[in-house]
Amino acid sequence: MALQNDFLTFSANAGANVLSQASYAAAAETATGYVAGTASSAAVNKTLRQASIMAAMIAQFIVDKAAQPVVDDGTISTIETNFIAAILAVAETMNITIPDVSGLTAALAEKLDKTANAVSASKLATARNISLNGVVVGAVNFDGSGNVVITTDTTQLAKLAGAAFTGAVSAPSFNTTP
């Protein structure tokens, strides 16, 4: 059974009493609106046709993509919720490929060795110092050639707690092998 779509087109048939597109586009009323008693039926029909075709198309999109009826009962919230569901249903089926940024692929290919990995990474030319400052202090130099352990001084923990410190503090270790 077909789902309900109450939003219908108006004056959509060929030969309908509407202004031509050129006349409608040139009419001053498209910017200012119609003055009471002066609007021609062809102009009003053109306006209603354009609005109704868009409303009918959006409603049919909801029916087709969200599989929900679109009822003209005066509530916007249900239609809005179903419109969002229709958009999300379409979005879930999309596979969008972002084209290469001009020259980026070639530039990265020159810089990166595609066969390298972290296990075969070389030693850093300049070692880096990793340090802890604050209540727990310690430092170690790291050059990428192996694991490191930061030896820490925990005497400040006892002062902070107001008592003797008992326990262990461990720092993360860095492993260069899988």
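The values are calculated or read from the model by the stated rules, or taken from the named source; none is laboratory data. Quick caveat, the model's predicted, so the values are computed rather than measured. A quick note on method: Cβ atoms are made from the backbone with ideal geometry, for glycine too, and the neighbour counts reach across all protein chains shown.
Somewhere in the stretch 25-35, is a residue within 30 Å of VAL90 (Cα to Cα) and either assigned to a loop (DSSP other than H, G, I, E, B) or at pLDDT 95 or above (or both)?
The answer is no; no qualifying residue exists.
Across the stretch 13-24, what is the total count of residues that are in a loop (DSSP other than H, G, I, E, B) and either in contact with a helix residue (DSSP H, G or I) (Cβ under 6 Å, 6 or more places away or on another chain) or surrounded by 16 or more Cβ atoms within 10 Å (Cβ to Cβ) (or both)?
First, the residues of the stretch 13-24 that are in a loop (DSSP other than H, G, I, E, B): 13-20.
Then keep just the ones that are either in contact with a helix residue (DSSP H, G or I) (Cβ under 6 Å, 6 or more places away or on another chain) or surrounded by 16 or more Cβ atoms within 10 Å (Cβ to Cβ) (or both); that gives 17-19.
Number of matching residues: 3.
Out of the residues in the stretch 60-97 that are hydroxyl-bearing (Ser, Thr, Tyr) and over 19 Å from the mean Cα position of the chain (by Cα), which is farthest from PHE7 (Cα to Cα)? Can you show your working first?
From the stretch 60-97, those hydroxyl-bearing (Ser, Thr, Tyr) are 75, 77-78, 81, 93, 97; that's our starting set.
In the following step, the residues that additionally are over 19 Å from the mean Cα position of the chain (by Cα) were identified as 75, 77-78.
Values: THR75: 13, SER77: 16, THR78: 14 Å.
Within the stretch 60-97, the match that is farthest from PHE7 (Cα to Cα) is SER77.
Considering only the stretch 35-59, state which residues are under 19 Å from VAL18 (Cβ atoms), over 41 Å from the mean Cα position of the chain (by Cα) and not hydrophobic (A, V, I, L, M, F, W, C).
Matches in the stretch 35-59: THR38, SER40, SER41.
Mind checking whether some residue in the stretch 102-124 is of a type outside the set (A, V, I, L, M, F, W, C), at pLDDT below 90, under 28 Å from the mean Cα position of the chain (by Cα) and not in a helix (DSSP H, G or I)?
yes
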